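The values are calculated or read from the model by the stated rules, or taken from the named source; none is laboratory data. All values reported here derive from a predicted model rather than from experimental measurement. Glycine gets a Cβ as well: all are built from the backbone with ideal geometry, and neighbour counts include every protein chain shown.
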Amino acid sequence: MNTPDPALALIDRFWDDLLRLQPLRGTYVGDHRHDGALPDPSPSGRADVESVYTSAQRELASIDRSGVTPSAQPTLEILEAICEQGLRSIRARLDLWEVASHMEGPATTLAEVASIQQADTPEALERYEARLHAFPAYLRAWEEVGREGIAAGVVAPRVVVERSVAMLDRTLRIGPADSPAMAPVNGNPGARERVERAIREAVDPAHARFRDFLRETYLPAAPDTSGLVGSPDAQDRYATAIAEWTSLDLAPDEVHALGVDRLRSIDAERARIATGLGYPDAVAAVADRTARGENVVTSEAELLALVEDQVARSWEAAPSFFGRVPAANCQVRPVEAFRAAETPFAFYNPPTEDGSRPGIYYVNAFEVEHRPKHHLAGVTFHEANPGHHFQIALEMQMPDRHPLRKFGGDLAGGAFAEGWGLYAERLADEMGLYADEWERLGLLENQAHRAARLVVDTGLHHFGWTRERAIAQMIASGLHETDAAIEVDRYIAMPAQALCYMIGMIEIERAREIAMSSPGASLQAFHDEVLALGQVPLPAFRRAFGSG
């Protein structure tokens, strides 16, 4: 009788526990065992998470890592990082800051569920109905977290709370028949009737109660500040958030200085392109092009057509730079109107492992006439090809890779994934994908935006910047005022998330420099090696490429 491998047994058990604790993750990746549930943010739910992570840490410590197979080593590193960072986040009570988040807080859960769940079979419909009926208990638990935050003096800033209240107001005004929650059952009259009833009886009343709590109880306690500074244990909470998102222990002052240096370098590149276009600087170049009406997208239809062309061209060019490409290209869809005002310009939703849901690149047509056209290409190459679609879809196509490594790596830090997306923007220029110098200027403005994030995020949460100062800095980096305000409010709601991009790209650039210095090195092979490694914590990435 064979003795079970203790490392693989731990990985299997931890993955099953993780899907139970985070049921939306299972739906997201195509594991439907917990499709009828929502996460549990209550004290008992937090205790359950803490127990699972602590137990896994103890078991991991008892395993002789030298005897673990090479294929399992990265998965154990991911498991270890998830436990370490998850426990640190629980103890720092980062959830107190998430109650009113308009980015990833409870006000956004319905939209997330509707975009990933299917109800195309009787069993799937039953699970979906059960999940909708779970909203009242889920939002009541978040309400209690909010009350804990008020008592502890850790309350999200007013601007974030107001955005969530506005989002809930719009969701409730839509009504059950047109709710985003109807998306999984379009075309099935019987299913529509059942889901509409669940929305009317459970979801909408729960949203109304939670909105009233935010507006009447939570908002009066919300400070007019724009970051963690001033709240209890702010320094420790921000350090925890930095480690959670980047997988590195970085000093805010160091990150701030890095952003200033990178911004200076990128501004020099922008100036050179502007000079070549016949302008004294990049600001004058963009202002003139905008004044001539050549930098404007006039409609959602035009936006989608431009993006679809970029996605198609990048897909066709990829085989010259990658030995492996995803099995299918991604789809392009517009962000739904009810959440467009609070949502960034673009984002990507991965496919399911079985291919039943494709990879989807969402673009936002909110105030599209104010979004500079020359930025669009760089965003597409970041989110779609050769960016997140390649990075995520390729990892999903590795049949022998454990699901924890495929689908749990983001819990060990987002810097690899977002770093790849930012690297892909630069790579797209090498691939010949930018149509002209204006789009290259847009690339550099997008890069400046990510460098400015290092400055602004640390400014808000470490140095105590005002929202107005942060918005001004983002506008100076090349963003339009509409996007600058949306972006800054995102950073306020999600401390340290904005640091992932530039921090991760720098690690990939460093690894590329080392790899390409070897005789006979191939850029194709480097890209395949990076994407085959998958989403790992940056310390593991450094070890894999000798860049630590």
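Residues in the range 281-295: is at least one surrounded by 18 or more Cβ atoms within 10 Å (Cβ to Cβ) and among the small types (Gly, Ala, Ser)?
Filtering the range 281-295 for residues surrounded by 18 or more Cβ atoms within 10 Å (Cβ to Cβ) gives 282, 285-286, 289, 295.
This time we only want the ones that are among the small types (Gly, Ala, Ser), so: 282, 285.
Yes; the residues of the range 281-295 include at least one that is surrounded by 18 or more Cβ atoms within 10 Å (Cβ to Cβ) and among the small types (Gly, Ala, Ser).
Of the numbered criteria (1) over 24 Å from the mean Cα position of the chain (by Cα); (2) touching a residue at least 24 places away in the same chain (Cβ under 8 Å); (3) farther than 25 Å from Glu445 by Cβ, the one Leu277 fails is (3). Just one of the numbered conditions (1) out of contact with any helix residue (DSSP H, G or I) (no Cβ under 6 Å at 6 or more places or on another chain); (2) modelled with pLDDT of 95 or more is not true of Ser42: (1).
Table: residues versus (1) within 21 Å of Trp245 (Cβ to Cβ); (2) touching a residue at least 60 places away in the same chain (Cβ under 8 Å); (3) more than 21 Å from the chain's Cα centre (by Cα).
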residue: Leu443; (1), (2), (3): no, yes, no
residue: Gln447; (1), (2), (3): yes, yes, no
residue: Ala452; (1), (2), (3): yes, yes, no
residue: His462; (1), (2), (3): yes, yes, yes
residue: Arg469; (1), (2), (3): no, no, yes
residue: Glu481; (1), (2), (3): no, yes, yes
residue: Ile492; (1), (2), (3): yes, yes, no
residue: Ala498; (1), (2), (3): yes, no, no
residue: Tyr501; (1), (2), (3): yes, yes, no
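Determine, yes or no, whether Asp17 is modelled with pLDDT of 95 or more, surrounded by 15 or more Cβ atoms within 10 Å (Cβ to Cβ), charged (D, E, K, R) and at negative phi. So Asp17 passes the test. Per the listing Asp457, Asp410, Asp429, Asp400, the residue uniquely without any contact (Cβ under 8 Å) to a residue 40 or more places away in the chain and out of contact with any Asp or Glu (no Cβ under 7 Å at 6 or more places or on another chain) is Asp429. Selection of the range 410-434 for residues being modelled with pLDDT of 95 or more and in a loop (DSSP other than H, G, I, E, B) yields Met431, Gly432, Leu433, Tyr434.
Let's see how each residue does on (1) at pLDDT below 95; (2) more than 21 Å from Met494 (Cβ to Cβ); (3) surrounded by 24 or more Cβ atoms within 10 Å (Cβ to Cβ):
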position: Ala365; (1), (2), (3): yes, yes, no
position: His382; (1), (2), (3): no, no, yes
position: Gly387; (1), (2), (3): no, no, yes
position: Asp400; (1), (2), (3): yes, yes, no
position: Arg405; (1), (2), (3): yes, yes, yes
position: Gly408; (1), (2), (3): yes, no, yes
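Would you mind listing the helices (runs of 4 or more DSSP H) fully within the range 39-124 where at least 2 residues are surrounded by 17 or more Cβ atoms within 10 Å (Cβ to Cβ) and of a type in the set (Val, Ile, Thr)? Full working, then the answer.
Numbers: elements: 43-61, 73-92, 95-98, 109-116.
Fully inside the range 39-124 and qualifying: 43-61, 73-92, 109-116.
Screening Ser44, Ser89 for residues that are out of contact with any Cys (no Cβ under 9 Å at 6 or more places or on another chain), in contact (Cβ under 8 Å) with a residue 60 or more places away in the chain and closer than 27 Å to Phe210 by Cβ leaves exactly one candidate, Ser89.
Annotation note: Cβ proximity below 6 Å between a residue of the range 115-126 that is within 12 Å of Gly30 (Cβ to Cβ) and a residue that is hydroxyl-bearing (Ser, Thr, Tyr) and modelled with pLDDT of 90 or more (sequence gap 6+ or interchain) occurs for Ile116/Thr27; Gln117/Thr27; Gln117/Tyr128.
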